[in-house]
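A.B. asks: Have a look at the structure that comes next, please.
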Amino acid sequence: MRKSLFLILSLVLLYCCWTTHGEIFTSIGQMTDLIHTEKELVKSLREYIKAEESKLNAVRSWANKLDTLTRVSTSDPEGYLAHPVNAYKLMKRLNTEWSELETLVLQHPSDGFISNISIHRQYFPDAEDETGAAKALMRLQDTYQLDSEAFSKGKLPGVHSNAVLTVDDCFDMGKTAYNDADYYHAVLWFQQSLKQLDGGEEAVVSKGEILDYLSYSVYQMGDLPRAIELTRRLVAIDPTHQRAGGNLRYFERLLFKQLDELDQAYQPSSSEEPIQLGTYSRPKDHLPERETYEALCRGEGLKMTEARRSRLLCHYRNGNMNPRLLLKPVKEEDEWDSPRIVRYLDMLSDEEIEKIKELAKPRLSRATVRDPKTGVLTTANYRVSKSAWLEGEEDPVIDRVNQRIEDVTGLTVQTAELLQVANYGVGGQYEPHFDFSRRPFDSNLKVDGNRLATFLNYKDEPDAFKRLGTGNRVATFLNYMSDVEAGGATVFPDFGAAIWPRKGTAVFWYNLFKSGEGDYRTRHAACPVLVGSKWVSNKWIHERGQEFRRPCGLTEVD
């Protein structure tokens, strides 16, 4: 029975690895369906086990009965068959009863389980999803400066959990990074796998296999002494290892050559101390403000002093005597002074939030960005979320939210984009970006030298919204539709602001100066969600139709 069960599960897992969907399960809203699916499959699996046990008991009963019978018949075959009843029963057993037993053995109690899982497996995550989830953990590890041991024990900031990673889980994390030539993270996770194995945890992966990958990853990080020490440990465990001997000789030749050039003597290391976080430098990537961005996500590097914050105010706004706001003015809080960012309280009720999520869930798909070269929408690893677009005509709630945004901001939403709903799940993020389209830089624009250098670092997107015919994105209105347990802030690296999600509130800022020039200070990011599920909806308001609602200023940077 165990072999049969193992075979079935293996085939199921193989199938899951073969099927591809082309999208990463980044939406908590969609992954909750997988939890219910898994529960149903466990129930089906239990029924299969029960059926197999029932079948096995029936076969065991047959075997016991026939065992007793054959002991008697084989002790004196001729004497046994001399009795006509015994002869008849032998014919009957071989012709009928053994056929019944054959039918019983050939029955497949697994049919129900396989049928059930066949229905659901089309919705299972695939290999790309698993890789995406592993990379999401590494992204969280980097952003929130968590070591691999903290992750493996489920110790996240402010969160207590029984979720743990086994030796094999850590090894698979390392393999994901290794296969992506990301040797920095590979070292961290192979080291954690080795540490847990040395600590007495049971595992499928062997110590030799971990050392094999770890030593080569360390070599790729440029640490030859430690690569030699790890490879020697591998050779001691498995002297016949296919690659270890050759790698060891190669590493030693490289090291001796380096030492000769530096006129230094070789001092072998016998230390087996684990590789700690910070031993190696994290490789630089495409993002110029990476360190500032991630520090803000952790709540560090904020530039709003207490004295400055004390000058921020709270207001009741009636939208210039807007009749819909006279009896219930909107509550407005200053979040930042320059550029001005405000938060509106009680923008969405719980009922409205649930309705928006209900409408969006069936349509959620991997969020896209516009390629600055081609103008075509495409997915990108710096934007990891799922989104859906909702029209005002499809439900009164959407129409009501659009009207409320117009009333509060004083800007028309007739030329705005549809309401976009986004759900950020495991490690979901959107790295620093502009909401507006960048135009060719005007050398006459009056900005300081540092900001000029910053402007010139960003690529232009002059025709990003040309097809819409509504001009550039003049403002962003962002609704927070959930609280987030940890992470998930909206941060502005240029001026050091971090705005934390608060369910039912919204934040608003202008992306353009009154002249129509882009305000490059508004480059912002959605920090990775560490724990929780982040739901937002946003309205991108465009220039056309605002001519008399937001008149031009006297200078280009008013």
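A.B. asks: Among the numbered criteria (1) outside any helix (DSSP H, G or I); (2) modelled with pLDDT of 90 or more; (3) open to solvent by less than 10 Å² (accessible area, probe 1.4 Å), which one does residue 415 miss?
C.D. replies: So residue 415 meets the others, but not (3).
A.B. asks: Turning to a different aspect of this structure: Report whether or not residue 473 is within 20 Å of residue 341 (Cα to Cα) and either modelled with pLDDT of 85 or more or open to solvent by 10 Å² or more (accessible area, probe 1.4 Å) (or both).
C.D. replies: For residue 473, the condition - within 20 Å of residue 341 (Cα to Cα) and either modelled with pLDDT of 85 or more or open to solvent by 10 Å² or more (accessible area, probe 1.4 Å) (or both) - is met.
A.B. asks: Let me ask something else about it. Looking at region 206-219, can you tell me whether even one residue there is modelled with pLDDT under 95, assigned to a loop (DSSP other than H, G, I, E, B) and open to solvent by 50 Å² or more (accessible area, probe 1.4 Å)?
C.D. replies: no
A.B. asks: Further, regarding this structure: Applying the selection to region 523-546, what residues are part of a loop (DSSP other than H, G, I, E, B) and under 17 Å from residue 468 (Cβ atoms)?
C.D. replies: Scanning region 523-546 gives 543, 544, 545, 546.
A.B. asks: Continuing with the same structure: Quick one: which of 483, 494 is assigned to a loop (DSSP other than H, G, I, E, B) and either in contact with an Asp or Glu (Cβ under 6 Å, 6 or more places away or on another chain) or within 22 Å of residue 386 (Cα to Cα) (or both)?
C.D. replies: One residue alone meets the criteria, 483.
A.B. asks: Within region 382-403, how many residues turn out to be in contact with a helix residue (DSSP H, G or I) (Cβ under 8 Å, 6 or more places away or on another chain) and not in a strand (DSSP E or B)?
C.D. replies: Residues meeting the conditions: 12.
A.B. asks: I would also like to ask the following. How many of the residues in region 53-67 are open to solvent by 70 Å² or more (accessible area, probe 1.4 Å) and either hydrophobic (A, V, I, L, M, F, W, C) or touching a residue at least 60 places away in the same chain (Cβ under 8 Å) (or both)?
C.D. replies: Summing the residues that are open to solvent by 70 Å² or more (accessible area, probe 1.4 Å) and either hydrophobic (A, V, I, L, M, F, W, C) or touching a residue at least 60 places away in the same chain (Cβ under 8 Å) (or both) in region 53-67 gives 1.
A.B. asks: Return a yes/no flag: does region 157-179 have any residue that is part of a helix (DSSP H, G or I), farther than 30 Å from residue 292 by Cα and open to solvent by less than 20 Å² (accessible area, probe 1.4 Å).
C.D. replies: Yes, that holds for at least one residue.
A.B. asks: Something else about it: Looking at (1) at pLDDT 60 or above; (2) over 33 Å from the mean Cα position of the chain (by Cα); (3) surrounded by fewer than 15 Cβ atoms within 10 Å (Cβ to Cβ), which is the one condition that is false for residue 83?
C.D. replies: Here residue 83 meets the rest and fails (1).
A.B. asks: Something else: Go through (1) surrounded by fewer than 19 Cβ atoms within 10 Å (Cβ to Cβ); (2) of a type in the set (Ser, Thr, Tyr); (3) closer than 13 Å to residue 185 by Cα one by one and return the number of the condition residue 148 breaks.
C.D. replies: For residue 148, the failing item is (1).
A.B. asks: Right, something else. Inside region 324-366, can you point out the residues that are within 19 Å of residue 483 (Cβ to Cβ) and either among the small types (Gly, Ala, Ser) or touching a Ser or Thr at 6+ places or on another chain (Cβ under 7 Å) (or both)?
C.D. replies: 343, 344, 345, 347, 349, 356, 360
A.B. asks: In region 471-504, which residues are under 25 Å from residue 305 (Cβ atoms) and over 25 Å from the mean Cα position of the chain (by Cα)?
C.D. replies: Hits for region 471-504 are 494, 495, 496.
A.B. asks: Right, here's the next one. In region 220-258, what residues are of a type in the set (D, E, K, R) and either assigned to a helix (DSSP H, G or I) or farther than 18 Å from residue 279 by Cα (or both)?
C.D. replies: Once the filter is applied, which keeps residues that are of a type in the set (D, E, K, R) and either assigned to a helix (DSSP H, G or I) or farther than 18 Å from residue 279 by Cα (or both), region 220-258 yields 226, 229, 232, 233, 238, 243, 249, 252, 253, 257.
A.B. asks: Assess whether residue 329 counts as being without any contact (Cβ under 8 Å) to a residue 60 or more places away in the chain and touching a Phe, Trp or Tyr at 6+ places or on another chain (Cβ under 9 Å).
C.D. replies: So residue 329 passes the test.
A.B. asks: In region 288-327, which helices (runs of 4 or more DSSP H) lie fully inside it and hold 1 or more residues that are exposed (fewer than 10 other Cβ atoms within 10 Å of the Cβ) and either among the charged types (D, E, K, R) or out of contact with any helix residue (DSSP H, G or I) (no Cβ under 6 Å at 6 or more places or on another chain) (or both)?
C.D. replies: Here the list reads 306-309, 323-326.
The values are calculated or read from the model by the stated rules, or taken from the named source; none is laboratory data. Predicted model only: the values in this text are computed from it and were never measured. When we count neighbours, we look across all protein chains shown, and the Cβ atoms used for this are built from the backbone with ideal geometry, even at glycine. Just so you know, the surface numbers come from the protein's heavy atoms only, side chains and all, with ligands and any DNA or RNA stripped out. Shrake-Rupley method; radii C 1.70, N 1.55, O 1.52, S 1.80 Å.
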